[in-house]
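The values are calculated or read from the model by the stated rules, or taken from the named source; none is laboratory data. Nothing here was measured: the structure is a model prediction, and the numbers come from that model. Neighbour counts are summed over all protein chains in view; Cβ atoms, including those assigned to glycine, are modelled from backbone coordinates with ideal geometry.
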Amino acid sequence: MVQRSLQLSAAIPTGQFPAPPKLSAAGKAFTFFAVLVAVGLAVVSGLGAGTGSKLAVVLPVAVAAGAVLGLLALTRFSVYVLVMLVLRASVDLAKLSDGAAPAAGQAQTDVAARGLDPSSLLAAVFLLASALWLAAQHYRQGSLPGSTLRRALLVFVGAFILSVPTSANPRASVVELLRVLAAVMMFLVLEQLITNRAMLRQVLAAVYLSAVFPLAYTTFGFLTGNPPSEVKNAFTRITGTFGQSNAFGRYLMLLLIFGVALYPHIGKGLRLALGLLLGLGSIFLLLTYTRTAILGTVLGLLVVGLLQSKRLLLGLVVLSVCALLLVPQLSTRFTSLTSGQTGSGNSLEWRLGYWTELLPLANSDPVTGVGPNATPSLTDEGKQPHNDFIRAYVETGVVGLLAYLFLLAALVGHGVRAVRASPSFSFNRGVAIGYLGCAVAFLAVSAASNALSNVVILWYLFAFAAAAGAVVRLQLSKPSSGLVETGGTPRGDR
């Protein structure tokens, strides 16, 4: 091969390079068609801007982006997955649906708008591309290495599928099933893609790069005096690029917990960038006033501190006191849980009353429930359950509740195995502890919120889960198994 390269080099005159290969007639036609479509979509989007229709502006751009990403998926699948991880935290900025819980008489209309959201379109492309890639991997290898967590996720999706045919709101249930399935697919894909430490680092880098635009966008809003926000119960809460402050808060919760665990195990150059991200993220988390996310972050950091650094526990206490002193509305936000200072009265009392109202809904079909995301269309308030355990039972029945409990146990068990398999004071240990902290925080948040509805959060939780699973394989597998510590090319690009 070396001799052939030297012969080719000798055949090239000094100062010249070989001419690029010419496109075939089919290639030229495809390129012309792609450019024509892109120009057409740009024109349609521009005309839509003049009409004031957000749908006319966003939809053509989303279709064009989906086409480009689809082409990337066909040529460099691993790069495509990394790009999806980077983009997912920002695409909700172009949301077409209002993101609010639908009223009983408006469920169908909201579902239709939700299906046209850029996030839904990108999820559809991701599902198709990932299914084809996994099928090709299975055909070539004969099997796909898996984990207990993968089985739990598939059982959970199976419970969703069982509930759709008898759903009280089939359209809402189908959309919810596809959204959850896209998040699960991210885990299935990353579990196969992360075959070496280089790819592990690339996936984690993509997750944290996803925060650059949301944090920059929010910072720019503060500098211009108009930060992205929403007003809920007399609190002005930061939303970032997300539709709701709750989703932004839970996203930051995961990044903060995992980032703090990873911080001691990265180079000095990366520490500066990660430190800036964690600092801004902490401030914006407090300004979302999302109680579950703030408490979940504290709980996750407690796990990190107990397993990695006891000094973190002291720092956590100091930071908590400073947060309450510097942001006095925080204490008001937490006392409003029982003081009746919210717009809906006593928040805890409202939750208990709403849960009591929801539980009898499952009596019509206790085995498979009323259908995923069907509860808003069956209640006068049109709100989600604010408790994922109750939601699992009401919407997917006993089958779904058992599947969800199995999933939560698998999430935590996955992290425990990663911690036990990784050596102390190592990068792998930071990944394992960071994920375990995120899993514990997610479990706690699920008890008092609609964490399952924030599918974007599941994307990043499952990305961290796949990283933790790779840590176990990197530590325990033999060199001949195809998992190597450094270098190598992901199987999807060979």
In region 220-247, residues that are of a type in the set (Ser, Thr, Tyr) and within 18 Å of SER90 (Cβ to Cβ) total 4
Evaluation of THR375 against (1) free of Cβ contacts under 8 Å to residues at least 60 places away in the same chain; (2) surrounded by fewer than 19 Cβ atoms within 10 Å (Cβ to Cβ); (3) of a type outside the set (Lys, Arg) (one fails), failing number: (2)
Looking at region 393-416, can you tell me whether even one residue there is of a type outside the set (Gly, Ala, Ser), under 25 Å from GLY249 (Cβ atoms), assigned to a helix (DSSP H, G or I) and touching a Pro at 6+ places or on another chain (Cβ under 6 Å)? yes
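Is it the case that VAL303 is in a helix (DSSP H, G or I), surrounded by fewer than 17 Cβ atoms within 10 Å (Cβ to Cβ) and not hydroxyl-bearing (Ser, Thr, Tyr)?
In short, no.
Among residues belonging to region 132-183 that are among the charged types (D, E, K, R) and touching a residue at least 24 places away in the same chain (Cβ under 8 Å), point out the one that is surrounded by the fewest Cβ atoms within 10 Å (Cβ to Cβ).
In this case the residue turns out to be ARG151.
Regarding VAL412, is this residue under 30 Å from SER147 (Cβ atoms) and within 27 Å of the chain's Cα centre (by Cα)?
Against the criterion (under 30 Å from SER147 (Cβ atoms) and within 27 Å of the chain's Cα centre (by Cα)), VAL412 qualifies.
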When SER364 is run through (1) more than 30 Å from ARG201 (Cβ to Cβ); (2) of a type in the set (S, T, N, Q); (3) buried (at least 17 other Cβ atoms within 10 Å of the Cβ), the failure sits at (3)
Restricting attention to region 116-131, does a residue exist that is part of a helix (DSSP H, G or I), of a type in the set (Phe, Trp, Tyr), surrounded by fewer than 21 Cβ atoms within 10 Å (Cβ to Cβ) and at pLDDT below 95? no
Selection count where residues are part of a helix (DSSP H, G or I), at pLDDT 90 or above and over 19 Å from GLU176 (Cα atoms), scope region 141-160: 4
In region 219-247, what residues are at pLDDT below 95, in contact with a Phe, Trp or Tyr (Cβ under 9 Å, 6 or more places away or on another chain) and part of a helix (DSSP H, G or I)? SER245
Quick test of your reading of the structure: THR236 fulfils all but one of (1) farther than 22 Å from VAL304 by Cα; (2) without any contact (Cβ under 8 Å) to a residue 40 or more places away in the chain; (3) surrounded by 18 or more Cβ atoms within 10 Å (Cβ to Cβ). Name the failing condition by number. (3)
Output the residues belonging to region 243-265 that are touching a Lys or Arg at 6+ places or on another chain (Cβ under 9 Å) and either surrounded by fewer than 24 Cβ atoms within 10 Å (Cβ to Cβ) or among the hydrophobic types (A, V, I, L, M, F, W, C) (or both). GLY243, GLN244, PHE248, ALA261, TYR263, PRO264, HIS265
Is at least one residue of region 354-365 over 30 Å from GLY267 (Cα atoms) and assigned to a loop (DSSP other than H, G, I, E, B)? yes
Working only within region 351-360, note down all residues that are within 18 Å of VAL398 (Cα to Cα), in contact (Cβ under 8 Å) with a residue 24 or more places away in the chain and surrounded by fewer than 20 Cβ atoms within 10 Å (Cβ to Cβ). TRP355, LEU359
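Please enumerate the residues belonging to region 255-296 that are free of Cβ contacts under 8 Å to residues at least 12 places away in the same chain and within 26 Å of PHE427 (Cα to Cα).
GLY267, LYS268, GLY269, LEU270, ARG271, LEU272, ALA273, LEU276, GLY279
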Quick check on my filter: what residues within region 412-432 are free of Cβ contacts under 8 Å to residues at least 24 places away in the same chain and under 19 Å from PHE462 (Cβ atoms)? VAL416
Filtering region 417-429 down to residues that are under 15 Å from ALA465 (Cβ atoms), in a helix (DSSP H, G or I) and not charged (D, E, K, R) yields ALA418, VAL419, ALA421, ASN428
Residue identified as more than 30 Å from ALA432 (Cα to Cα), modelled with pLDDT under 80 and within 28 Å of the chain's Cα centre (by Cα) among GLY382, GLY343, GLY369: GLY382
